[in-house]
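Q: One structure follows; several queries about it will come next.
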Amino acid sequence: MTVIGAAPATGRRGTPRVRGRRRWTFDRISLFVVFLVLPFLGYLALVIYPFLQAAYYSLTSWSGFTATQDFIGLDNYTRLLGDDTFLKAVGNSLTLLVVVPLLTLVLSFALACLVTFGGSSTGGVRGLRGSSFYRVVSFFPYIVPAIATGIIFAAVYDPSAGLLNGILTSLGFGSAENYPWLGDASTAMAATVAVIVWTFVGFYTVLFVAAIKGIPAELFEAARLDGAGRLRTAVSIAAPSMSGAVRSAYIYLGIFALDAFVFLSVLNPGGGPQNSTLVITQQIYSTAFRQGRFGLACAMGVLLAIITFVFVGIVFAVGKIAGREKKAEVLR
Amino acid sequence: MTLTTTPTARPAGAPAPAHGLPAGERAVGAASHTILSLWTLVIAVPLLWTVMSSFKTSREIFASPFSLPQTWRWQNYADAWTTAGIGKYFLNSVVVVACALVITMLTAAMSAYVLSRFDFPGRSLIRNLILAGLTFPIFLAVVPLFFVLQQVGLLNTLPGLIMAYSAYAYPFTVFFLLSFFEELPAEIAEAASIDGASEWRTFFQVMLPMARPGMASVAILNLVGLWNQYLLPVVLNTVPDKFVLTQGLASFSSQAGYNVNFGALFAAAVMTILPVLIVYVIFQRRLQGSVAAGSLK
């Protein structure tokens, strides 16, 4: 989304745009006020202002119910850096940040390739027959309310009455009987990641299918005439041409993975066995609204925002370096 | 799992151009269909299992995950709707989402139009501030937002919730629509104003109708997003009477503990999903189309 928005700002100077050609009539002023100024003020008040306030509150020891907010400088931050539970939550959030986008994108890229090149490779590049059926079904989890997904999977993972252990035991995996997927520290995080990946794969499959179809057909024809097989085509032609789509997808998934509040708080409300699925957003929520330590919670929020920006910056930097290398390769 | 099967397909795919349908081709097709079918099962089975479980008694649910219900207990749905309050929450959700959707679409379309058609000082600052709202974690804002709404007396009210929903859907919607308005020919707006139409009329009678495809796509995305919204109501709307559906479902599942009616819980989950399923079935082409369009930008 960042990418989409950033581009027009620089490249649109050429289009004809109204600029001071007519007087500021009442008609035009009222249009500006009602169309842009009022909605934008509402947005400033409810979205931008709270962000700024949060940054200020993070420097106070405010509990939310006192009239004055005692300024305590960076005390909240130093306290957080020595707080093992919070650091554990940061670690878990970072794990999600790395694992969720990676698994989702690899899986959805593979499925998108199957849908687009899985069919006959003679004649033009054609999709697989019936591929729209697969797309319609696999996209659906994306629009299911996350809270419902969480409740469904909490039941699927249930040790005794759950669907997963039922299937595993009937397939002959006796050790799966009564195994608590969400209740064991070694599997709770993996089980949670699986649910998030389940939700997003279909969405990104649709996105990648569209991106692959946007690649000029001649490229695929040429590759095939040169004797490239499907795997080679996928790795050497499809993947590099989609770096823009992959980058936006990575950023979007990463921002989501840093939140992930709904899934985690339904699957393991208390943070999981030995806090193995506790993440920053859950800590913010309980610190603010259960313990009433709003200053401290805002400091956590600021750290979360910093992590988000660093992450977005890294993805852009990596994209730039990769792009430069690709160019160098072509020149060679 | 995909990557392990594709290499076996490679030798078959490469040396056989233009010879009808060789055996290798069919093997690749079959393998692709198998993998995609398996994935479809992974998606569909948990959902269908939920529907089946929603007709069972708690005892049947705990007896075996596979057994069909002895009788199809529609009673679970009635229990969830009335006893667990899902009906009330459903109505709250409909009111909040409908109002927020109308407000978001109207204000965002108007702002996007002004931002795309006029050049004025501060325009890029406004654009960047709207962009910032997309990247900042909402979690950073919810704590102060709680007090902002408290100060104006809108905490724990549906109007307050509607305002918050609209404000947080605004940046995404403006950005989505900006690209649509920028692609509309500016000459048409010029022509309308030369013909004497006011700026207001130009927008409502000429430009807005032309942006209809974009409006429809983003409206569907917003409808789903607002229906599924969970964090904002959980923080800003803590009076059980005013819960929206996602909240009500969450509290039903957590207060449940051990003596909950699990059949009714599954029924409540099904009823939460049903509206988005209907929207999806009707609009899936447009929804997938707008996702695809986004990837090409």
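Q: If we keep just the residues of segment B:164-183 that are surrounded by fewer than 22 Cβ atoms within 10 Å (Cβ to Cβ) and without any contact (Cβ under 8 Å) to a residue 60 or more places away in the chain, which is farthest from B:VAL95 (Cα to Cα)?
A: Ranking the qualifying residues of segment B:164-183, first place goes to B:GLU183.
Q: Can you tell me which residue within segment A:137-152, out of those that are among the aromatic types (Phe, Trp, Tyr) and facing chain B (nearest Cβ under 7 Å), is farthest from A:VAL115 (Cα to Cα)? Steps first, please.
A: From segment A:137-152, those among the aromatic types (Phe, Trp, Tyr) are A:139-140, A:142; that's our starting set.
Add one more test, that the residue is facing chain B (nearest Cβ under 7 Å), and what stays is A:139-140.
Values: A:PHE139: 13, A:PHE140: 17 Å.
This residue is A:PHE140.
Per-residue answers, yes or no, for (1) at the interface with chain A (Cβ under 8 Å from one of its Cβ atoms); (2) closer than 16 Å to B:ALA269 by Cβ; (3) surrounded by 20 or more Cβ atoms within 10 Å (Cβ to Cβ):
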position: B:THR83; (1), (2), (3): no, yes, no
position: B:ILE103; (1), (2), (3): no, no, no
position: B:MET110; (1), (2), (3): yes, no, yes
position: B:LEU115; (1), (2), (3): yes, no, yes
position: B:VAL142; (1), (2), (3): yes, no, yes
position: B:GLN150; (1), (2), (3): no, no, no
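Q: Also, I was wondering about something else. Of (1) more than 30 Å from A:GLN274 (Cα to Cα); (2) of a type in the set (S, T, N, Q); (3) outside any helix (DSSP H, G or I), A:SER160 satisfies all except one. Which?
A: The number of the failed condition is (1).
Q: Any residue in segment A:169-189 that is surrounded by 22 or more Cβ atoms within 10 Å (Cβ to Cβ), among the aliphatic types (A, V, I, L, M) and within 10 Å of another protein chain (Cβ to nearest Cβ)?
A: no
Q: Also, quick follow-up: Scanning segment A:128-147 for residues that are more than 20 Å from A:THR199 (Cβ to Cβ) and among the hydroxyl-bearing types (Ser, Thr, Tyr), which turns out modelled with the lowest pLDDT?
A: Going residue by residue through segment A:128-147, those that are more than 20 Å from A:THR199 (Cβ to Cβ) are A:128-132.
Filter once more, so that each one left must be among the hydroxyl-bearing types (Ser, Thr, Tyr): A:131-132.
Values: A:SER131: 76, A:SER132: 79.
In this case the residue turns out to be A:SER131.
Matching residues to (1) at pLDDT 90 or above; (2) facing another protein chain (nearest Cβ under 8 Å); (3) in contact with a Gly (Cβ under 6 Å, 6 or more places away or on another chain):
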residue: A:MET1; (1), (2), (3): no, yes, no
residue: A:PRO8; (1), (2), (3): no, yes, no
residue: A:THR15; (1), (2), (3): no, yes, no
residue: A:VAL37; (1), (2), (3): yes, no, no
residue: A:LEU44; (1), (2), (3): yes, yes, no
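Q: Return the only residue of B:ALA191, B:ALA267 being among the hydrophobic types (A, V, I, L, M, F, W, C) and either surrounded by fewer than 17 Cβ atoms within 10 Å (Cβ to Cβ) or within 9 Å of chain A (Cβ to nearest Cβ) (or both).
A: On the way: B:ALA267 fails: either surrounded by fewer than 17 Cβ atoms within 10 Å (Cβ to Cβ) or within 9 Å of chain A (Cβ to nearest Cβ) (or both).
The conditions single out B:ALA191.
So that you can scan it fast, the table gives a plain yes or no per residue for (1) surrounded by fewer than 21 Cβ atoms within 10 Å (Cβ to Cβ); (2) at the interface with another protein chain (Cβ under 10 Å from one of its Cβ atoms):
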| position | (1), (2) |
| --- | --- |
| A:ALA222 | yes, no |
| A:LEU253 | no, no |
| A:THR277 | no, no |
| A:ILE280 | no, yes |
| A:ALA288 | no, yes |
| A:GLY295 | no, yes |
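Q: Oh, and also: Anything in segment A:297-310 that is touching a helix residue (DSSP H, G or I) at 6+ places or on another chain (Cβ under 6 Å) and more than 10 Å from every other protein chain (Cβ to nearest Cβ)? List them, or say none.
A: A:ALA299
The values are calculated or read from the model by the stated rules, or taken from the named source; none is laboratory data. What you see is a predicted model; the values in this text were computed from it and never measured. Every residue, glycine among them, receives a Cβ derived from its backbone with ideal geometry; neighbour counts consider all protein chains shown.
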